[in-house]
Amino acid sequence: MDAWMVVSSVLEILARLVPGFLAAFSGSQSDDEAIERARGLVPAATSPALDGQLQDAIDALEENS
Amino acid sequence: MRALYRWACVVALPVTVAGCGTSAIGTHARAAQASGTALSEAREVLLTRHREALEAASVETAGQARDVRVRRIRDEHARWTPAGEMMDVARAALRSWVSAIALAHAADDGNTWTPHLLRAAARLAQLWNPLVRALAALGVEAPEMPPGMRALVDAAAGGE
């Protein structure tokens, strides 16, 4: 094995790792990942949550009376 | 020398495939992420302030008849419901946009779908300022429209 073979093997390993590091540290995402993440960031419905808080506040009156 | 060529190919291919270049679908998906984050944060603040307002109404009417207290709490709640409904309309627009992005990606045809994606983004953008005003009226500071989304909508308006 000559020196070129060693250098080329090391570079090849680095080359395989670089895209992963780029993706991990620069925040770059594939389209699939970006779409999945966008789906996960759609918030839950707000009106039912507000209604739930109203009911909790009324229930708390009964507990305290 | 052959090893160097081989190395260059090994580097170039995955970097390209990993998405260093930005596709239209990726651009929309990332703008939708930013919009989802902004809406989620606004929702959390809205819920916290609403709960505090109901607690304040309860404290304010302490010692009064139960039905008076319930009426006061319901009146306070009623002030917040339009903002909640507006938030849900914005949420539906965001969901439609994300679904359109996913469909465009599944169809593997970002260019044909681009006008649909821009219209979906524009629908959410149209709701943004009224939502910000509705939240501001309740003392809730709402986030500005994310720059990525504004850029898309501006580009769509410029292209019409």
Matching residues, segment B:88-102, being farther than 17 Å from B:Val132 by Cβ and free of Cβ contacts under 8 Å to residues at least 12 places away in the same chain: B:Ala92, B:Arg95, B:Ser99, B:Ala102
Which number in (1) at pLDDT below 95; (2) part of a helix (DSSP H, G or I) marks the one condition that B:Arg49 misses? (1)
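Kindly indicate which of B:Arg91, B:Arg66 is farther than 22 Å from B:Met149 by Cβ, within 11 Å of chain A (Cβ to nearest Cβ) and basic (Lys, Arg).
Working: B:Arg91 fails: farther than 22 Å from B:Met149 by Cβ.
Residue meeting the stated conditions: B:Arg66.
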Go through segment B:69-87 residue by residue and tally those that are surrounded by 16 or more Cβ atoms within 10 Å (Cβ to Cβ) and either facing chain A (nearest Cβ under 7 Å) or touching a strand residue (DSSP E or B) at 6+ places or on another chain (Cβ under 7 Å) (or both). 7
Return only the number of the condition from (1) of a type outside the set (A, V, I, L, M, F, W, C); (2) within 26 Å of A:Gln53 (Cβ to Cβ); (3) surrounded by 19 or more Cβ atoms within 10 Å (Cβ to Cβ); (4) over 12 Å from the mean Cα position of the chain (by Cα) that B:Glu141 does not satisfy. (3)
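The values are calculated or read from the model by the stated rules, or taken from the named source; none is laboratory data. Predicted model, so just to flag it, every value in this text is computed and none were measured. Cβ coordinates were reconstructed from backbone atoms using ideal geometry, including for glycine residues, and neighbour counts include every protein chain displayed.
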